1. In the neighborhood of ARG136, defined by Cβ-to-Cβ distances under 14 Å, what is the net charge if each Lys or Arg adds +1 and each Asp or Glu adds -1?
2. Can you give the extra length, in nm with one decimal, that the chain gains between LYS97 and LYS46 once fully stretched, where that is 0.36 nm per residue apart less the Cα-Cα distance?
3. In what sequence, largest accessible area first, do HIS91, HIS113 appear using a 1.4 Å probe?
4. Roughly how many Å² of GLU83 are accessible to a 1.4 Å probe, to the nearest 10?
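The values are calculated or read from the model by the stated rules, or taken from the named source; none is laboratory data. Given the structure is predicted, the values throughout are model-derived calculations rather than measurements. Neighbour counts run over all protein chains shown; Cβ positions are idealised from the backbone, glycine included. For the accessible areas, the whole protein counts, side chains as well, though only heavy atoms, and no ligand, DNA or RNA atoms are used. Shrake-Rupley method; radii C 1.70, N 1.55, O 1.52, S 1.80 Å.
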Amino acid sequence: MKKIIAALSLGMLVAGGSAFAQTSTKPQDQKPRSEMRAAMKDRAQKSPEEMAQMKTDRMAQRLELNAAQKSQLQALNMRQAQEMKAMRESHKATGEKSPEQRAQMQEARKANHDQWQAELKSILTAEQYAKHEADREQMKQKRADGRKGQKSGEHKKSGEHKKRGEYKKQQQGK
């Protein structure tokens with residue numbers, strides 16, 4: 001009987017100690033999802049002028065732009081923000097989209113982005129553009145790391161995307 005009690009107490013000590021030893025894999029500087037969603041909602045409610053100003057300020061600080069470059073970039077970002085808003089509104093008006101329509105929307109966004117990149121390249125110096133490209137690659141890598149090694153389309157195989165879509169429809173119906 002004493003052996004059983006001793007074994008159980010030892011087992012509980014080991015189990016309890018391992019529970020305290022676990023650490024969170026979440027980075028300390030990462031915001032909770034609720035805060036991230038609120039930030040995304042705030043950003044979605046901003047006007048094209050506000051979005052262009054935020055983007056210009058962020059790029060001007062990172063790339064150390066002069067006044068002339070900053071004004072050119074502001075005009076470019078303003079034009080792009082207005083075009084993107086017009087695209088979003090026209091796509092929302094069409095309702096349900098077929099795969100062909102989705103592909104067309106994606107191509108339109110890509111063309112808009114490519115045009116923006118070409119004009120940006122003409123505004124920035126070679127060093128600034130190289131820094132901009134390095135920052136873009138770093139963000140791509142960060143997003144890829146955020147997926148935690150999940151293969152492309154893995155969420156579709158599990159049916160998780162359908163669950164999220166059903167939940168969204170339920171929430172919109174309320």
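1. Neighbour charge sum, excluding ARG136 itself: +4.
2. Gain on stretching LYS97 to LYS46: 15.8 nm.
3. Descending order: HIS113, HIS91.
4. GLU83 exposes around 70 Å² with every protein chain in place.
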